[in-house]
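Inspection log for the structure reproduced underneath, given as structure tokens.
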Amino acid sequence: MHHRALARRDSKFVAVNVTDLVPGDVIRLSLGEAVPADVRLIEVSGLECDESILTGESMGSEKSPEAVSTGAELAESTDLAFMGTIVSAGVGTGVVYATGKGAEFGRIAAGLDERQPETDFQVGLRRFSYLLLQVAIALMVVILASNLLLAKPIIDSVLFSLAIAVGIAPQLLPAVVSTSLATGSRQLAKAKVLVKRLVCIEDLGDIDILITDKTGTLTEGRIRLIDAIDPAGAPADPVRRLGPLATDVDPESGGVSANPLDAALWESTQPRRLVGEAVRRVATLPFDHERRASSVLVDDDGTRLLVMKGAPEQVLDRCRATPAVAQETLAGLFGAGRRVVAVATRPAAELTTITADDERDLTLAGFLVFADEPKPAARQSLSQLAALGIELKVATGDNARVAEKVCADLGLASKGTVTGAEPEPLDDDGFVDAAQNHTIFARISPEQKARLIVALRRNGRSVGFLGDGVNDALALHAADEGISVDSATDVAKDAADVVLLEKDLGVLATGVAEAGGSSPTPSSTC
């Protein structure tokens, strides 16, 4: 199979193998394509990229040719498209600036070429073997010296001391350890925990810090519409009805959409019932990144309406007057870690088409509130981990307020939050302090995740890391125990030591308990 990209050669776009792309090539991106290299965008039209494999962000990243500040975090680099991410909406043109190992995706893959760090179990087994060797040598020397003092023949004394040394050495130690670990791996498999490296069973049972992502582990991993409210915060069915009208799909199509927010609007049967059959779509104005909104012109029971749906800040700017209570409602929703979409309308009997200039003099109808809900069983799983003496830390690509809200809902006590840009200027000692004294790490890069684990291990902690994306591969490689799931990306599963058949902390807690009870230690093996 050969992956191809549209690149400008001799003033026209032609299909070329992605391996032939070089920095400076101008390429075109379109819906459904995997971005073939790191690209600086020069022209876009509604371009969005699914960057979850790099950033962990559950929502698509909106792209714009407007330059962002130097040193911006990966998730905030809206003027760049990264290799390996997927174009989920729109089209764009950009200039290749990095390929292969020079790209963000490639740097992660290159980091996996380094030798895997020695686990605590391997260190303990090596030290125990050295101890036995020292004991054997010491006994050999003592026996040889004793025989010589007793005037025994030299050759017989040497052979006798060597025989004693060989007899003391536990020649079956590797076989006994491997057999014990293999038995433990079968027990773990019954608990839906697959062990790729036998030596990691001991480390799984010894974990005292677990670092995990948020989406799909603590939460269900799916955006859901949880409420439709008026500006005062009261439930409002009209807002719930208006929202689907301004999506990127026609109501008659069944509501299939690549946009997860729009898909969430159509998932329940209630919006379909509320929209009804009396609505006719006249014209649409698709989402773009300057407006950060989409609009639709509809005939609804003889009344022609312009309905606008988008980012609250953008929609409120186009309203005639914004009630003070609406700002209070919005602040409360953001404080609760919710994703919010505002909906506004105005009568538009004179319009047959719509432009951005028509999005004015609107009346705020209310807000659509979305959330990625915590897993119902996550609270019990966290209790199980705490009972095993495991401290949980959250490393996520989502924003800090959302992560804090999820942790609060699940009863996970937080010692503090660090965002991606904050630990960058810290030296090693400062980073260790930050790693020890905080619970939530938001908007952090793959390299920062790996650095976080190295810092905790340097402080004498046994660290497990649970992740499933390409952005987690370096951290999985650096941890004492890299843990992934069966539904993870191939890169993550390759880098992991243990694979869970379900992405559930309860399964992991069971696995840790089993590993702690069944894995051999150097002393017990002896």
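The values are calculated or read from the model by the stated rules, or taken from the named source; none is laboratory data. Note that the structure is predicted; figures quoted are calculated from it, not measured. Cβ atoms come from the backbone with ideal geometry, glycine included; neighbour counts cover every protein chain shown. Surface accessibility is based on the protein's heavy atoms, side chains included, excluding ligands, DNA and RNA. Shrake-Rupley method; radii C 1.70, N 1.55, O 1.52, S 1.80 Å.
Things worth noting here:
- Here the chain is treated as a Stokes sphere of Kirkwood radius computed over C-alpha pairs; at 25 °C and 0.890 mPa s its diffusion coefficient rounds to 93 µm²/s.
- Angle of helix 446-458 to the longest C-alpha principal axis of the chain, folded into 0 to 90 degrees and rounded to 10: 30°.
- Rounded to the nearest whole Hz, the Karplus-based 3J(HN,Hα) values (6.51 cos²θ - 1.76 cosθ + 1.60, θ = phi - 60°) of segment 148-159 follow the sequence 5, 5, 8, 6, 6, x, 4, 5, 5, 5, 5, 5, with x at glycine and proline.
- Across the chain, the longest run free of exposed loop sites, meaning GluC sites (Glu not before Pro) lying outside DSSP classes H, G, I, E and B with no more than 13 other Cβ atoms within 10 Å, spans 119-276.
- Three principal axis extents describe the C-alpha atoms of segment 313-413; from largest down they are 67, 28, 21 Å.
- Convex hull per residue volume in Å³, alpha carbons only, for segment 388-519: 108 Å³
- Put simply, the amide H of D213, placed in the peptide plane, has neighbours under 5 Å in A395, L466, leaving out anything fewer than 5 places away on its chain.
- Cα-based reach from K493 at 28 Å (exclusive), listing lysines while leaving out same-chain residues under 8 positions away: K101, K190, K192, K196, K214, K375, K393, K449, K503
- Relative contact order [Cα under 8 Å, 6+ residues apart], the chain, whole percent: 17 percent
- Distant-in-sequence amide H partners of K375 (H built 1.01 Å from N, under 5 Å): T219, E220
- Annotation for segment 403-443: trypsin sites (Lys or Arg not before Pro) lying in DSSP loop with at most 12 further Cβ atoms inside 10 Å of their Cβ are K415.
- Dipole magnitude for the chain: about 1100 debye, using +1 per Lys or Arg Cβ and -1 per Asp or Glu Cβ, origin at the Cα centre.
- Under the Karplus curve 6.51 cos²θ - 1.76 cosθ + 1.60, θ = phi - 60°, whole-Hz ³J(HN,Hα) for segment 380-389, x wherever Gly or Pro sits: 5, 4, 5, 5, 4, 5, 4, 5, 8, x
- Share of carbon and sulfur in the accessible area of segment 399-451 stands at 51%, probe radius 1.4 Å.
- Ellipticity estimate at 222 nm from DSSP helix runs (n ≥ 4, -39,500 (n - 2.57)) divided over the chain, nearest 500: -11000 deg cm²/dmol
- Sequence-ordered 3J(HN,Hα) estimates for segment 64-79 from the Karplus curve with 6.51, -1.76 and 1.60 and θ = phi - 60° stand at 8, x, 5, 5, 9, 5, 5, x, 5, 5, 4, 5, 9, 7, 6, 8 Hz, glycine and proline given as x.
- Residues whose amide H falls under 5 Å from that of T85, counting only those 5 or more places apart or on a different chain, are V35, with hydrogens built in the peptide plane.
- Mean projected area of the convex hull spanned by the Cα atoms of segment 140-215, taken over all viewing directions: 8.4 nm².
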